[in-house]
1. Only one of (1) within 25 Å of residue 389 (Cα to Cα); (2) surrounded by fewer than 21 Cβ atoms within 10 Å (Cβ to Cβ); (3) in contact (Cβ under 8 Å) with a residue 24 or more places away in the chain is not met by residue 261, so which one is it?
2. Look through region 196-206, keep the residues that are farther than 17 Å from residue 149 by Cα and in contact (Cβ under 8 Å) with a residue 60 or more places away in the chain, and return whichever of them is nearest to the chain's Cα centre (by Cα).
3. Being in a strand (DSSP E or B), more than 30 Å from residue 176 (Cα to Cα), open to solvent by less than 50 Å² (accessible area, probe 1.4 Å) and modelled with pLDDT of 90 or more: is that true of residue 448 here?
4. Collect the residues in region 389-406 that are in a loop (DSSP other than H, G, I, E, B) and either in contact with a Lys or Arg (Cβ under 8 Å, 6 or more places away or on another chain) or not acidic (Asp, Glu) (or both), keeping them in residue-number order.
5. Which residue pairs have Cβ atoms under 6 Å apart, sit 6 or more places apart or on different chains, and have a first residue in region 307-329 that is farther than 22 Å from residue 480 by Cβ and a second that is aliphatic (A, V, I, L, M) and part of a helix (DSSP H, G or I)?
6. Output the number of the condition that residue 455 fails; it satisfies all remaining conditions of (1) farther than 19 Å from residue 508 by Cα; (2) surrounded by 14 or more Cβ atoms within 10 Å (Cβ to Cβ); (3) not basic (Lys, Arg).
7. Could you tell me whether any residue of region 179-196 is over 20 Å from residue 133 (Cα atoms) and among the basic types (Lys, Arg)?
8. Please specify each residue of region 416-442 satisfying the condition of being open to solvent by 10 Å² or more (accessible area, probe 1.4 Å), in a loop (DSSP other than H, G, I, E, B) and under 17 Å from residue 592 (Cα atoms).
Amino acid sequence: MKKYIFIAACAAVAGIMAGCSKENIEPETSQEMTGSEIQKPGNDGAVLTPHQVIKASSTATKTSLDGLQILWSKGDQLSLFNADGQTCTYTLTGDGGQTSGDFQTETMPEEGYRYAIYPAVPEATVSEGVISTSIPEAQTYNGSDFPVSYPMAAVSSDGEKYSFVNLATVLDLSLVGDAAVKTISIEAAGGEKLAGAATVDFNGETPVMTATESASVTLTCTEPVQLTASATEFRFIVAPGTYSKGFKITVTDDAGKTTVITTAEAESVLTAGTVKNFGGTMGVYASDFEHIYIIGDGTFYEPWNTKIMVENPAGSEWTSEFTKGENGIYTWTGVLAPGTFKFPWNADIIQNFFGVEGDKLIYYPEQISGYDPKLTIGTPGKYEITINVNKLTFDIRTVEEYPVPENLYLFGNGTGAQWYIERGEKMVKRPDLKFENNADGEGVFYMVTRLGSVEGEAGFKFLNTHSGLDFNSGYQFAWGLSSIWYGGSDRKYNRIKENGMYSIKVDTKYWDYEVKKMTGENPAEIYIYGDATGYEWDLVKTAADETQKLASSDGITYSWTGDLVPGEFKFAFGGMYLSAEGTPALSFDNGFLVTGNEADGWKIVVRTDMINDTKYQVAEDGNYTVTINTDTMDLTVQKN
């Protein structure tokens, strides 16, 4: 004899999965999955027939997934129990695949049924309101569906109405990579039970499931599942509870290679009726990465230069290669300038790399148009970067900061100082000359000076001190002259191809620089000054008089015509300092001195701190034309 029971959905039920968001184990949040009601009609005049049908239209009791909508599966069964332990089993009629379904039983149940469990457990025992059941330790990958039936229970106080609640937690593991997954095992690191034999206690306000047998569950893929750069989801059904030390995940691929990933050793609470994700997407690969590098536009090397990576293996001073550790961990320590970076594993194919998006490491094995995730560094310094290619996490720690210096000096064999540290040409702070990424101009130094053509690695660099003989105590240049660089290899600016006047601007806060040759359209500001000009040695008065400025049509030869009196003169560079009014002022420290004699010829030299303050002496009143050549450094003084 068949018996039917009508089960109607509660009008307030929203569905356990439809539209709900996933939650992460690290950090933990909560997303509830609601249940449905079972009710025998009586008030509407319906007559019970020998055939009893269960109608379930809520999504709370379904066993397969369509996206995030849960559907019944063909053959689904549930069990009803009474207090004496008697049970009857109801089976879904039809083929399933819908959000509602009819269930029927072949045996007329006795009265007094109080408990209901899904999936059916006909062999279960009942003792003082506790029913024995189980969560399979061996589960089978089923695409986006549940690997086993999702357990639920209902209790009735009057035998007329049953309200289902969800008993288990769905663990959702998202994987990327290139491995073909065969099995995945999840183990409670603290030894707590999460599968196998279990009980459902009906004595509280709602039924509660507790696993009592196994601390692990294994998901098997009937056919290996090939991972790609897009996440593949693997679902597990486990018991709710508090897991004191997180979880250990072991993935085995079709070649037998195992990858072990552990979640944080922190307490994880799994709540019944929720979907948990293991801290986001994780990576599993067919083979380990033998090399991983850092490249970008803020490394010591030429921006995005891949060839240099293999020339500086791990352990060398300026290596761009990460040091390989265990369990997917790679570490790199070095100096970085502001810029963007990524981490390729093939020196020949920059498109194969790990990038950064937000707080996550991104596995990026192929070029995707318009998508290029990178790590951004805004402040120069020495950093330690740790990436975990399995957990797809990264950590960046500042090892050393480089504050803005109080002073900056230029020296080198292309300058007036040559390589004498104590003669360095003093640069001046010019916060008004901002770089694009330095809005307040902090740490910007500037100077106008004469530079000479040099060959090879010779040229110039910068020091932030005059003391000692440490050539590496200041700023060098990065590989390819892409930026300035604090300390390290002795690299100089070597692109001065023509003698002449140059402007040099340096940003010591963000490690940027600019070198420009002065031209006829933009000549250097060079003033003649001294007591022979009638202004004594007053730089303020000299700067205020445009007639004291030398003129140039080509940026190389500069001349001045005017009256001189007996006395001395030399030359000052304008535009270095700003006056109190914010206008360019002359610099006593920066200019040309005069050397030589009448017989051998007069020369100009760049003034530095340690060069004697030599000047040209005027013997007679008169009108003179003074000419300097910044290429040959010749000086001619002609009385008109």
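1. With (1) within 25 Å of residue 389 (Cα to Cα); (2) surrounded by fewer than 21 Cβ atoms within 10 Å (Cβ to Cβ); (3) in contact (Cβ under 8 Å) with a residue 24 or more places away in the chain applied to residue 261, the lone miss is (2).
2. Looking at residues that are farther than 17 Å from residue 149 by Cα and in contact (Cβ under 8 Å) with a residue 60 or more places away in the chain, I get 201.
3. yes
4. If the condition is that a residue be in a loop (DSSP other than H, G, I, E, B) and either in contact with a Lys or Arg (Cβ under 8 Å, 6 or more places away or on another chain) or not acidic (Asp, Glu) (or both), then 389, 390, 391, 392, 402, 403, 404, 405 are the ones that fit.
5. So the pair list comes out empty.
6. (2)
7. Scanning region 179-196 turns up at least one residue that is over 20 Å from residue 133 (Cα atoms) and among the basic types (Lys, Arg).
8. 416
The values are calculated or read from the model by the stated rules, or taken from the named source; none is laboratory data. Worth saying up front: this structure is predicted, and the values here are computed from it rather than measured. Methodologically, a virtual Cβ is constructed for each residue, glycine included, from the backbone with ideal geometry; neighbour enumeration extends over all protein chains shown. Side chains included, ligands, DNA and RNA excluded: accessible areas come from the protein's heavy atoms. Shrake-Rupley method; radii C 1.70, N 1.55, O 1.52, S 1.80 Å.
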